[in-house]
Amino acid sequence: MKDINMNDHGNGSYDLIVIGAGSAGFSASITASDAGKRVALVGHGTIGGTCVNFGCVPSKAMIRAAEAIHGAQAAKRFPGVSGQAQVDDWRTLVESKGDLVANMRQKKYADLLPEYPGVDYIDAGPAKLVKGGVMIGSRTLTAPKIIIATGGHSILPTIDGVAGVGALDSKSMLELKTLPESLIFIGAGYIGAELAQMMSRMGVKVTVVARSHLLPGAEPEVSEALADAFMAEGITLLTGLSYESVRRDAAGVTLRVMQSGEPVEVTADHLVSTAGRRANTEGMGLEEVGVETDARGSIVIGDDMQTSVPGIYAAGDVTDRDQFVYMAAYGAKLAVKNAVLGDDQRYDNAAMPWVVFSDPQVAGVGLSEQQARDAGFDVKTSVVPLDQVPRALAARDTRGLIKLVADRATDKLLGGQIIAPEGSDTIQTLVMALKFGMTTKDLGATIFPYLTTVEGLKLAAQTFDMDVAKLSCCAG
């Protein structure tokens, strides 16, 4: 794709140059264009970025397919009901995922460009920062302000032999031509958890290995509940270990680890690395112009989204901030407002939701119990298992729990996490509660619809002061 909607601005001078055409880059460009600014949007990679091409969209499409298979098989939890489903044609499923990605990339990115005449899309190769502007090939663009939004990429863990075994990542795994019989996942964060369960439900024998435990960023109760769900589905979890080596031979890929002082070897068709990502900053000339980066190559920014160099801003996965597509778009808008619209807005993630699309889904917002204690709060917590939530009882699926964290002195809610089949949608109610400074009593006194998962938040809030097991339905 070359230079869509290219206007001739003569000497190549713009109000703003945006490097990277993913969600952050488009958010920045659209925000600036709507304000009447001239913008050069430099591709520096596939238009649409990670989310639509390699991350959110393709993975969630495949996760939904796996949920359909599992849903049929799980129908037996209802007396008198049974079901069965399986992958009949993996290649067709993968191709349909590719069609969805191509369609969304076209409609939500490429087709939008003509709607913004103030934006010139320049897809002529990688960009490099130089004094006074940005160089693409032999062409130099100039602007008083620059926003870097080049995203990130997956990296291999440091394990002896890993470079020679043809390890897959989240992108290449979803492009396999045939459905493998077995997989080893290195890394048990949200990407590893989502993809491991998805492939297990497709009929693949899955082993997940991790140095610490499943979802290390989640509350311990939440992590344990998801681990129980995974093991109930036949997923093998090897945690609390160190990596020794990996090799490929006629049997497949064999990973050797040390667990509790003993060597353990696991063999599978492929190794999938979901253990880390790195910012796309190499070769961009950041060091030469003085832009500070951290050990992961991520650009260090202030709360105003500005880098260590005045006039150069950054947003999204290329920075040292939250690695979520919606936070990338949010940060990019802030960067534009501060860079070219004269505002002084600050990055605020205090009420930022996050979701893991496992089953049960895991979601959270605000401070965990440990984070709240580390911040100096006198903490009180409430934990309600889903077997106390009528919706879960009616659905005959009580896997999960809700945990709320509050300040004992003020009763103000500080955060919460949920693991439940509808956890991703439920969390937004807690987001609003935190955003507007609600107390546990406020939340417990709020009217919720009956037989919904979100009602569990009310029950969890009431549990700070009473035993909800002693309440009748709708008694609150």
Which order results if 287, 233 are arranged by neighbouring Cβ count within 10 Å, fewest first?
287, 233
Can you sort 131, 37 so the residue with the fewest Cβ neighbours within 10 Å comes first?
131, 37
Note down the magnitude of the dipole of the chain about its Cα centre, charges +1 on Lys and Arg C-beta and -1 on Asp and Glu C-beta and zero elsewhere, to the nearest 20 debye.
500 debye
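State to the nearest 20 debye the size of the charge dipole of region 162-275 about its Cα centre, where the only charges are +1 on K and R beta carbons and -1 on D and E beta carbons. Before the final figure, lay out each step's value.
On the way: 8 positive and 14 negative charges, 83 e Å.
In total the dipole reaches around 400 debye.
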All aspartates and glutamates inside 13 Å of residue 177 as judged from Cα atoms, apart from same-chain residues fewer than 8 positions distant:
89, 95
So what is Rg over Rh here for region 1-139, counting just Cα atoms and using Kirkwood for Rh?
1.20
For the chain, the convex hull over Cα atoms projects on average to an area in nm² of 25.6 nm²
Using a cut-off of 20 Å between alpha-carbon atoms, which lysines can reach residue 333, once sequence neighbours fewer than 8 places away in the same chain are excluded?
37, 108, 145, 435
Using modelled backbone amide H atoms (1.01 Å from N, in-plane), which distant-in-sequence or interchain residues come within less than 5 Å of residue 314's amide H?
148, 307
Working from the alpha-carbon coordinates of region 171-294, get Rg over Rh, Rh being the Kirkwood radius.
1.05
What angle, in degrees between 0 and 90 and rounded to the nearest 10, separates the Cα long axis of helix 220-232 from the longest principal axis of the Cα atoms of the chain?
70 degrees
Among bridges DSSP assigns within region 162-275, what percent are antiparallel (round to 5)?
55 percent
Nothing charged except the Cβ atoms of Lys and Arg (+1) and of Asp and Glu (-1): what's the magnitude of the dipole of region 354-466 about its Cα centre? Round to the nearest 20 debye.
80 debye
Karplus-derived HN-Hα couplings along region 173-190 (A = 6.51, B = -1.76, C = 1.60, θ = phi - 60°), whole Hz, x at Gly and Pro:
4, 7, 10, 4, 6, 10, 6, x, 7, 8, 9, 10, 9, 9, x, 10, x, 5
Each residue of region 129-135 in order: what ³J(HN,Hα) in whole Hz does its phi give by Karplus 6.51 cos²θ - 1.76 cosθ + 1.60, θ = phi - 60°, with x for Gly and Pro?
6, 10, 4, x, x, 9, 9
Identify all lysines with a Cα-Cα distance to residue 107 below 18 Å; exclude those on the same chain that are fewer than 8 residues away in sequence.
2, 97
Would you mind checking the tilt of helix 90-108 against the longest principal axis of the Cα atoms of the chain, expressed as 0 to 90 degrees and rounded to 10?
50 degrees
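Would you mind giving the average projected area, over all directions, of the Cα convex hull of region 135-224 in nm² with one decimal?
10.4 nm²
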Which one of 179, 106, 410 has its Cα pushed farthest toward the positive end of the charge dipole of the chain, where Lys and Arg give +1 and Asp and Glu give -1 at the Cβ?
106
Long-range HN-HN contacts of residue 293 with modeled amide H, under 5 Å:
300
Long-range amide H contacts for residue 367: which residues qualify at under 5 Å (H placed 1.01 Å from N, peptide plane, sequence gap of 5 or more or a different chain)?
415, 416
Rounded to the nearest 10 degrees, the helix 325-340 long axis (Cα) sits at an angle to the longest Cα principal axis of the chain of 30 degrees
Let me have the 222 nm mean residue ellipticity of the chain computed from DSSP H runs of 4+ only, each contributing -39500 (n - 2.57), with the sum over all residues rounded to the nearest 500.
-8500 deg cm²/dmol
Quick one: 178, 150, fewest Cβ neighbours within 10 Å first, how do they rank?
178, 150
When the C-alpha atoms of region 354-466 are aligned to their principal axes, what extent does each axis show, in angstrom, from largest down?
39, 27, 21
Please report how far the C-alpha centroid of region 400-476 lies from that of region 256-306, rounded to the nearest whole angstrom.
36 Å
Please identify the longest segment of the chain free of exposed chymotrypsin sites (Phe, Trp or Tyr not before Pro), where exposed means a DSSP state other than H, G, I, E or B and no more than 15 other Cβ atoms within 10 Å.
1-435
Relative contact order in percent for the chain (Cα pairs under 8 Å, 6+ apart) equals 14 percent
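Every number in this text was worked out from the coordinates using simple rules, so none of it is lab data. The structure presented is a predicted model; accordingly, all values stated were derived computationally and were not measured. Because the Cβ atoms are built from the backbone with ideal geometry, glycine has one as well, and the counts that use them run over all protein chains shown.
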